[in-house]
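Below is one structure, written out as structure tokens; comments come after it.
The values are calculated or read from the model by the stated rules, or taken from the named source; none is laboratory data. None of the values given here were measured: they were computed from a predicted structure. Because the Cβ atoms are built from the backbone with ideal geometry, glycine has one as well, and the counts that use them run over all protein chains shown. SASA here: full protein model, heavy atoms, side chains in, ligands and nucleic acids out. Shrake-Rupley method; radii C 1.70, N 1.55, O 1.52, S 1.80 Å.
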Amino acid sequence: MTTPTTPRPLAALDVPAEQVAAEVPLRAAIAREAALGADAQVSALSLSLYLATHPDVHVSTEADYPGWIPPHTEEAS
């Protein structure tokens, strides 16, 4: 038998209006690109949405990779 849980109050589930306003353009863009079958754009926009809604997520910086030098690409001549 499972133990019943107490539902969270509505206020705990509410999202600040500023966050919703920030998400709307990204969600619209994701829907538009998905309808066009543009998977790479959907992935990039989805990542943007995740980062916008999770400001505490760690994003790597140069300090995470000390001494790393990016490979050089040769320009076409």
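Is region 4-22 home to any residue that is surrounded by 10 or more Cβ atoms within 10 Å (Cβ to Cβ) and at pLDDT 85 or above? The answer is no; no qualifying residue exists. The C-beta contact set for region 42-53 (first residue part of a helix (DSSP H, G or I), second residue among the aliphatic types (A, V, I, L, M) and open to solvent by 50 Å² or more (accessible area, probe 1.4 Å), distance under 7 angstrom, 6+ apart or interchain) comprises 42/34; 51/57; 52/22. For residue 20, state whether it is part of a loop (DSSP other than H, G, I, E, B), among the aliphatic types (A, V, I, L, M) and more than 13 Å from the chain's Cα centre (by Cα). Judged against the criteria, residue 20 is not a match. Selection of region 26-42 for residues being modelled with pLDDT of 85 or more, open to solvent by less than 80 Å² (accessible area, probe 1.4 Å) and of a type outside the set (Asp, Glu) yields 28, 29, 30, 31, 34, 37, 38, 40, 42. Being β-branched (Val, Ile, Thr), at pLDDT below 85, closer than 29 Å to residue 14 by Cα and open to solvent by less than 100 Å² (accessible area, probe 1.4 Å) holds for only one residue in 61, 53, and it is 53. What about residue 73, is it among the β-branched types (Val, Ile, Thr), modelled with pLDDT of 80 or more and part of a loop (DSSP other than H, G, I, E, B)? When the stated conditions are applied, residue 73 does not pass them.
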